[in-house]
């Protein structure tokens, strides 16, 4: 991918002191601004730019990507804003979830992606896991994404039966309660396809579960394995609690600041 003349003409002084981009499309802009800014514009690229990291001051890529370099920072999961204050705000915004019986099981659904089919066998395993989590009663909070087929939600509803629930599967259901689901759930069940959702669930300080019915793609499998090794991803029948929340954003931000200040 390259800039056409019109797009290139939009890159003009005054240059920002810092530019931050995420993903491959942004990588070209963050690289170009650093180069044409003559050293006045520092650049931070989030996610693997798929080329030499020397073109940026700092590159942040999740550990399972396997990217290495002197200026590369490798958090275990994805960066996100979830901390104690964020969860408190979400609980205040979704106070009506407090009336649902505990334990509240939050279900975060993504969807099929390359190498992760989430087929009928997976949906059956998802329902079985949800029933296991509901053996002591309680209620269910389900939030889906744009990639979630109706069959995944239906599998959850069949497993829930007549238990109290809150279900969101698109704008027709009102405002997405995702923050409230994270903040009010006593356990979280997350589909295995999304690094972002698993990272955010692991930040909430409650037991997190996922359902894997077939081998995952290598990078995603490494991420799941790291979460299990650290105790952030548990079996459905686990009786022990989650470890300290996995919150890496503040530490990564401090490392970025140190690197940029040290390079002056």
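Observations
- Cα-based shape type of the range 1-141, given that a ≥ b ≥ c are square roots of the gyration tensor eigenvalues and the cut on a/c is 1.5: prolate
- Folded to 0 to 90 degrees: helix 249-262 orientation relative to the chain principal axis, Cα: 10 degrees
- Going from the fewest other Cβ atoms within 10 Å to the most, the residues 162, 248 appear in the order 162, 248.
- Cα pair distances exceeding 12 angstrom across the range 189-251, given as percent: 67 percent
- Length-normalised contact order for the chain - Cα pairs under 8 Å, 6+ apart - percent: 17 percent
- Residues 126, 260, ranked from the fewest to the most other C-beta atoms within 10 Å, line up as 260, 126.
- Rounded, prolate or oblate (a/c below 1.5 giving rounded, otherwise prolate when a/b exceeds b/c) for the range 95-147 by Cα gyration tensor: oblate
- FRET efficiency, 1/(1 + (r/R0)^6) with R0 51 Å, evaluated for residue 131 and residue 254 via beta carbons: 0.75
- Compared with the alpha-carbon gap, the fully stretched path from residue 171 to residue 10 is longer by 54.4 nm at 0.36 nm per residue.
- Annotation: Cα Rg of the range 84-230 relative to the compact-globule expectation 2.2 N^0.38 Å equals 0.99.
- Angle between the chain longest axis and helix 120-133 axis [Cα atoms, degrees, rounded to 10]: 70 degrees
- Angle of helix 84-93 to the longest C-alpha principal axis of the chain, folded into 0 to 90 degrees and rounded to 10: 60°.
No value in this document is a laboratory result; all are computed from the given coordinates. Source: prediction; values computed, not measured. Cβ: placed from backbone, ideal geometry, glycine included. Neighbour counts: every protein chain shown.
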